[in-house]
Amino acid sequence: MLLIERGKTMEIFTLLETLEDMLEKSRNVPFSGKCVVDKEEILDIIKEIRLKLPEELKQAKWVKEERQRILVEAQNEADEIIKEAENRIISMIDEHEITRKAYEKKVEIIETANEMSREISKGTKDYADNLLAGIEVALQDALKVIQDNRKELK
């Protein structure tokens, strides 16, 4: 009463369940924990399990290897994403640093230009004041000469 049909593939678990059912339904030997089973049926099921087992093991090994390959691939992709993000952050930091330095340089240039403008303005005022002071002295001298000449004329 073999339940395994040739041509149909039964899962190993189904075959094991069949064995369990056969053992549970078997006749007990009186006064012992033993039972009577059809040896040929049991051997046929074990043979089917053996035939099926290698394929199942190959599939399990393939699944395990494929899983490992997918994990490695995913890890490599994650590492690449992290590396790209780190490079982008470094680039952004560098851009920020360049922008900050450019701003500092701009402020420095403006401060220098303002200082130079103040110095030029002060220098120009000092020069104009000295020039006007010289003219004032010359005019005072000329006025004194004119006043002296007018006194002589009178």
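The values are calculated or read from the model by the stated rules, or taken from the named source; none is laboratory data. Worth saying up front: this structure is predicted, and the values here are computed from it rather than measured. Using ideal geometry, Cβ is built from the backbone for each residue, glycine included, and neighbour counts are taken over all protein chains shown.
Where residues in segment 1-41 are among the basic types (Lys, Arg) and within 60 Å of the chain's Cα centre (by Cα), which of them is modelled with the lowest pLDDT? Working first, answer last.
First, the residues of segment 1-41 that are among the basic types (Lys, Arg): 6, 8, 25, 27, 34, 39.
Filter once more, so that each one left must be within 60 Å of the chain's Cα centre (by Cα): 6, 8.
On the way: Arg6: 34, Lys8: 38.
Top of the filtered list is Arg6.
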### Message
Report every pair of residues separated by at least 6 positions or lying on different chains whose Cβ atoms are under 7 Å apart, first residue within segment 20-33 and within 27 Å of Ile49 (Cα to Cα), second in a helix (DSSP H, G or I) and not hydroxyl-bearing (Ser, Thr, Tyr).
### Response
Met22/Glu41; Met22/Ile42
### Summary
Exception for Lys154 within (1) surrounded by 10 or more Cβ atoms within 10 Å (Cβ to Cβ); (2) modelled with pLDDT under 90 falls at (1)
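Would you check if there is a residue in segment 74-91 being surrounded by 10 or more Cβ atoms within 10 Å (Cβ to Cβ), more than 18 Å from the chain's Cα centre (by Cα) and not aliphatic (A, V, I, L, M)? Talk me through it step by step, then tell me what you get.
Applying the first criterion (surrounded by 10 or more Cβ atoms within 10 Å (Cβ to Cβ)) to segment 74-91 yields 74-91.
Remaining after also requiring more than 18 Å from the chain's Cα centre (by Cα): none.
There is no residue in segment 74-91 that is surrounded by 10 or more Cβ atoms within 10 Å (Cβ to Cβ), more than 18 Å from the chain's Cα centre (by Cα) and not aliphatic (A, V, I, L, M).
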